[in-house]
1. Quick one: helix 149-162 against the long Cα principal axis of the chain, what's the angle to the nearest 10°, folded into 0 to 90?
2. Around Lys13, with a cut-off of 13 angstrom between Cβ atoms, what is the net charge of the other residues, counting Lys and Arg +1 and Asp and Glu -1?
3. Which GluC sites (Glu not before Pro) from region 44-116 combine a DSSP loop assignment with at most 14 other Cβ atoms within 10 Å?
4. For region 75-151, what is the convex hull volume of the alpha-carbon atoms per residue, in Å³?
5. Can you give me the distance in nm between label points at Phe42 and Gln215, each placed 7 Å from the Cα along the Cα-to-Cβ direction?
6. Using only C-alpha positions, report the orientation-averaged shadow area of the convex hull of the chain, nm², one decimal.
7. Under a 1.4 angstrom probe, counting protein chains only, how are Arg164, Arg249 ranked by accessible area, largest first?
8. Output the 0 to 90 degree angle, nearest 10, between the alpha-carbon long axis of helix 173-189 and the longest principal axis computed from the alpha carbons of the chain.
Amino acid sequence: MRIAFVGNPNTGKTALINAIAGSDLEVGNWPGVTVEKKEATFRYEGESVSLVDLPGAYTLSPYSLEEKITRNVLAYESPDGIVDVIETTNLRRNLYLTLELIDMQKPMVLALNMFDDFTRHGYTLDLKRLEEILGTYAVPTVASAGLGAKEVIARAVETIREGRRPRIQPLQEHIEKEVAFLMRKIEQAGVFPYPKRLFAIKLIENDAFAVELAQKACAEEILRFAEGARERLECHMNLPIRTIITRSRYEVIDRILEEVLTKPVVDRAVLS
Ligand code: GDP
Ligand code: K
Ligand code: MG
């Protein structure tokens, strides 16, 4: 079994892997310690489990070499499942990648790391509701102290064995219509190394990798449909496609946070 650890830079991916596997991969509070994929293998319930440590990424439409490596491993090596390592103090930004990962529709669990900082700042989170919304486990962790590590691996293995997928978080209605249409075309065209929902969205976004995959497969019809969808959306909303998709993702994130996140109450006694 291979599980990929994915998340923004410096969220504690390597620390969490070390805590789970007893490995000594290099941890550091600076970007770019993990610029290639590394793996720690150990035995869990009689099974060999490899934890793949990937470079930090903000998105699956890569700008940096690190993000490209991560995207390529997810696309071409198709790990059995994903642990999405989140900096809980930075939920809004971190959830952007989470939504893209959900669109891969692979077994996945969330590690809500840096939970010590999160609670120290007075934030609270409705974990049950977050798990309900996302259709996946969300485990609070303090990776640097090993807290929550056992639960993360237990939940990840369970989720993979059961083949449970996270719940899709629909984008704006206009976008969803185009995505549904394009997904049907993709299904008819055959098998691609990218999961079909993410592939459809990335094609509409004009993501270079997705377009290249379609070109390599001579999927002319799919490319034409994607272009049509892009033009219709841009025309309708009068915005560039990247902005349309990004805004729609943040609308989803803000709706989720509205439900589950409670910000610290200012201590009036201290103010007066
Ligand atoms: P990566 O870039 O995602 O692999 O992150 P690292 O594992 O290298 O960790 C980045 C920094 O965060 C290191 O200094 C860790 O010691 C620290 N760190 C990791 N997990 C936690 C945590 O849960 N709480 C706190 N306070 N620090 C953490
Ligand atoms: K790091
Ligand atoms: Mg690392």
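1. 40 degrees
2. Details: positive: Lys37, Lys38; negative: Glu26, Glu39, Asp53, Glu66, Asp84, Glu87.
Combined, the nearby Lys, Arg, Asp and Glu give -4.
3. Values: sites: Glu45, Glu47, Glu66, Glu67, Glu77, Glu87, Glu100; in loops: Glu45.
The qualifying sites are Glu45.
4. Values: hull volume 7.7 nm³, N = 77.
Spelled out: Cα convex hull of region 75-151, divided by residues, is 99 Å³.
5. Label-label distance for Phe42 and Gln215, simple model: 4.4 nm.
6. Details: hull surface 64.1 nm².
It is 16.0 nm².
7. Details: Arg164 75, Arg249 0 Å².
Output order, biggest surface exposure first: Arg164, Arg249.
8. For helix 173-189, the angle is close to 70 degrees.
The values are calculated or read from the model by the stated rules, or taken from the named source; none is laboratory data. These numbers were taken from a predicted model, which means no experiment stands behind them. With ideal geometry, Cβ positions are generated from the backbone for all residues, glycine too; neighbour counts draw on all protein chains shown. In case anyone asks, the SASA skips ligands and DNA or RNA and just uses the protein heavy atoms, side chains included. Shrake-Rupley method; radii C 1.70, N 1.55, O 1.52, S 1.80 Å.
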